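J.: Structure provided below as structure tokens; questions to follow.
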Amino acid sequence: MRHEVDVLVIGAGPGGSMSAKFAAENGADVLMIEKRQEVGSPVRCGEGIAELWLNDLGIKPDKRWIANQVDGARLFSPSGHCLTMDAARAGSETGFVVERDIFDRTLASEAVLAGSDLWVRAMAMGAKVEGDTVKEVVVDRLGERITVVPKVVIAADGFESRAASWVGLDSRLKLKDIDSCIQYRMVGIDDDARYNDFYAGSDAPGGYVWVFSKGEGVANVGIGVAASKLKAPADVKMYLDRFIAKHPEFAKGKAVDMVAGAVSTSLPMDQTVKGNFMLVGDSARMVDALTGGGVVNACMAGKIAGRLSAEYVQGSDVLGDYERAWRSELENTMVRNYVAKEKAVNVTDEQFDRIVLALQELEITTITTAEILGAVAKAVPDLVAELDLMF
Ligand SMILES: Cc1cc2nc3c(=O)[nH]c(=O)nc-3n(C[C@H](O)[C@H](O)[C@H](O)COP(=O)(O)OP(=O)(O)OC[C@H]3O[C@@H](n4cnc5c(N)ncnc54)[C@H](O)[C@@H]3O)c2cc1C
């Protein structure tokens with residue numbers, strides 16, 4: 001069976017749904033395929049999303065997917081010193097803890113309402129490529145083999161992406177650029193629902209622990225550890241359990257579910273468009289290397305890829321613009337945060353304490369990068385020479 005479309009979007013995560021929505025809104029005939037039977041499930045996410053960027057993306061906060069609205073974020077050093085970043089100090093830290101499954105389904109519904117078709121239980125298996133052009137994609141839909149003939153392919157197939165290799169793009173990651181994650185949804189804990197909390201230091205080597213509150217004693221309590229720092233994969237769980245046991249406010253609760261996954265903490269890929277093929281979101285390694293957040297970046301890139309793909313099928317040779325367009329929105333911050341991550345991986349507990357204490361003392365209304373750097377320079381001069389270059 002053959003199926004011709006203007007734009008084939010692989011993966012119905014946030015990156016795929018935004019791509020499909022903007023391609024369809026701009027007049028393309030779009031098919032989005034999703035290998036799972038239900039968009040958004042199971043959830044593999046801390047579910048923290050900054051409000052500022054949602055506004056930029058035109059995604060309206062919706063009580064169906066907002067579990068909790070937070071006033072800011074708190075960073076705890078290993079000895080328990082706390083840096084609070086509220087809206088006045090760091091506007092981009094205010095935001096939502098979402099119900100990610102409902103969030104993803106809402107975005108997918110918007111794509112469908114804009115005119116895109118969506119096939120679930122439909123997995124891209126491979127492609128026929130001639131030169132730089134993907135001519136056909138073989139899809140397994142509930143056991144049936146369908147040959148999709150697209151004019152453009154947008155691959156938004158996530159961390160485990162296979163599609164990049166079809167056109168010879170190398171998305172392999174070094175061990176040092178992968179964080180191994182595990183998260184419990186905990187109930188019956190004592191947390192502060194006003195803040196998303198982060199715990200740095202040797203509790204989570206090369207990464208951090210997060211506590212993202214969903215309100216009423218429920219929170220996502222998770223950990224990311226640099227894969228290069230793990231002796232055995234199962235050690236991630238050991239680190240999280242050890243952290244929880246050390247904190248009576250969390251140890252009094254119980255886990256009601258668990259997710260495990262990985263995030264890239266690399267630079268984005270050097271090349272994300274080739275011929276009629278574009279990569280969006282995690283498949284292009286667009287995750288923020290310092291925070292591990294990737295939802296907003298995937299949405300931003302998807303919005304651009306969707307619009308350009310529609311212009312392309314209408315006759316404008318614009319796909320090459322994708323590279324420049326998404327990089328001008330996202331790349332500076334991604335590179336800066338990658339350099340910061342590379343440094344943070346080797347910061348000692350004692351240095352983290354000094355950094356947080358120094359930042360606490362900043363008498364300012366908004367924390368800018370330069371002010372942070374100035375404070376860190378005073379607290380930990382040995383770190384700052386290299387940090388200075390990146391700013
Ligand atoms: C434990 C954990 C916690 C995280 N916490 C946060 C957080 O708090 N905030 C944040 O912003 N980010 C977080 N992230 C990262 C975030 O989840 C991703 O960056 C985001 O989901 C990227 O969106 P995407 O659309 O690129 O990919 P995904 O959301 O992964 O979507 C890819 C989709 O493609 C589908 N797919 C894959 N292969 C195929 C195929 N061959 N055919 C058809 N479909 C296919 C998959 O089933 C999936 O639905 C976290 C990640 C992990 C692992």
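Readers should treat all values here as calculations from the given coordinates under stated rules, not as data from a laboratory. On a predicted model such as this, the values are computed, not experimentally measured, just so you know. Virtual Cβ from ideal backbone geometry, glycine too; neighbours counted across all protein chains shown.
J.: Below 15 Å, Cα to Cα, which aspartates and glutamates can Lys60 reach? Residues fewer than 8 away in the same chain don't count.
T.: Correct list for Lys60: Glu51, Glu99, Asp104, Glu110.
J.: Right, another one. Which Rg and Dmax, in Å, describe the Cα atoms of the chain?
T.: Cα only, the chain: 21.2, 66 Å (Rg, Dmax).
J.: In a GNM of the chain with a 10 Å cut-off on Cα contacts, which of Arg324, Arg354, Arg74 has the highest mean-square fluctuation?
T.: Comparing Arg324, Arg354, Arg74 in a Gaussian network model of the chain, the most mobile one is Arg324.
J.: I'd like to know which of Met123, Ala227, Val9 lies farthest towards the positive end of the charge dipole of the chain, counting +1 on Cβ of Lys and Arg and -1 on Cβ of Asp and Glu.
T.: It is Met123, whose Cα lies furthest towards the positive end.
J.: Please state, rounded to one decimal and in Å, the Kirkwood hydrodynamic radius that segment 43-201 gives when every pair of distinct Cα atoms enters the mean of 1/r.
T.: 19.4
J.: For a quick check: sort Ile146, Ile355, Ile223 by the number of other beta carbons within 10 angstrom, fewest at the front.
T.: Details: Ile146 17, Ile355 24, Ile223 27.
In order of increasing Cβ crowding within 10 Å: Ile146, Ile355, Ile223.
J.: Still on this structure: With just the Cα atoms defining each centre, how far is segment 115-147 from segment 18-32? Give it in Å.
T.: Segment 115-147 and segment 18-32 have Cα centres separated by 16 Å.
J.: In the structure displayed, which of Lys35/Lys135; Lys21/Lys128; Lys229/Lys303; Lys128/Lys303; Lys343/Lys378 lie more than 28 Å apart, Cα to Cα?
T.: Correct reply: Lys229/Lys303.
J.: Quote the FRET efficiency, to the nearest 0.05, computed for Asp270 versus Val345 with a Förster distance R0 of 30 Å and r equal to the Cβ-Cβ distance.
T.: Efficiency at R0 = 30 Å is approximately 0.85.
J.: Can I ask one more? Just grab the label-to-label distance for Asp56 and Lys176, each label 7 Å out from Cα along the Cβ direction, in nm (one decimal).
T.: 2.9
J.: Compute the length gained on full extension between Gln69 and Asp257: take 0.36 nm times their separation in residues and subtract their Cα-Cα distance, giving the result in nm to one decimal.
T.: That works out to 65.5 nm of additional length.
J.: Using a Gaussian network model of the chain with C-alpha springs under 10 Å, which one of Gly168, Gly293, Gly58 is most mobile by mean-square fluctuation?
T.: Among Gly168, Gly293, Gly58, the largest GNM mean-square fluctuation belongs to Gly58.
J.: Further question on the same structure: Round to the nearest 10 and give me the degree value, 0 to 90, for the angle of helix 295-313's Cα axis relative to the longest principal axis of the chain.
T.: 20
J.: Go ahead and set up a Gaussian network model of the chain, Cα springs under 10 Å, then flag whichever of Gly320, Gly206, Gly294 fluctuates most.
T.: Highest fluctuation of the listed residues: Gly320.
J.: Under a plain spin-label model, where a point goes 7 Å from the Cα along Cα-to-Cβ, how far apart in nm are Arg44 and Ser165?
T.: Here the answer is 1.6 nm between the modelled labels.
J.: Set the Förster distance to 51 Å, then compute FRET efficiency between Glu144 and Glu361 from the Cβ-Cβ distance, nearest 0.05.
T.: Details: r = 64 Å, r/R0 = 1.25.
The pair Glu144/Glu361 has a calculated efficiency of 0.20.
J.: If you stretched the chain out fully between Asp241 and Glu4, how much longer would it get, using 0.36 nm times the residue separation minus the C-alpha to C-alpha distance?
T.: 80.3 nm
J.: Treating the angle as unsigned and between 0 and 90°, give the value, to the nearest 10°, between the Cα long axis of helix 14-25 and the longest Cα principal axis of the chain.
T.: On a 0 to 90 degree scale, this one is about 40.
J.: Further question on the same structure: Taking N as the number of residues in segment 10-67, what is its Cα Rg relative to 2.2 N^0.38 Å?
T.: So segment 10-67 has a normalised radius of gyration of 1.26.
J.: Angle check, please: helix 100-113 long axis (alpha carbons) against the longest principal axis of the chain (alpha carbons), in degrees 0 to 90, nearest 10.
T.: Between the helix axis and the principal axis of the chain, the angle is about 30 degrees.
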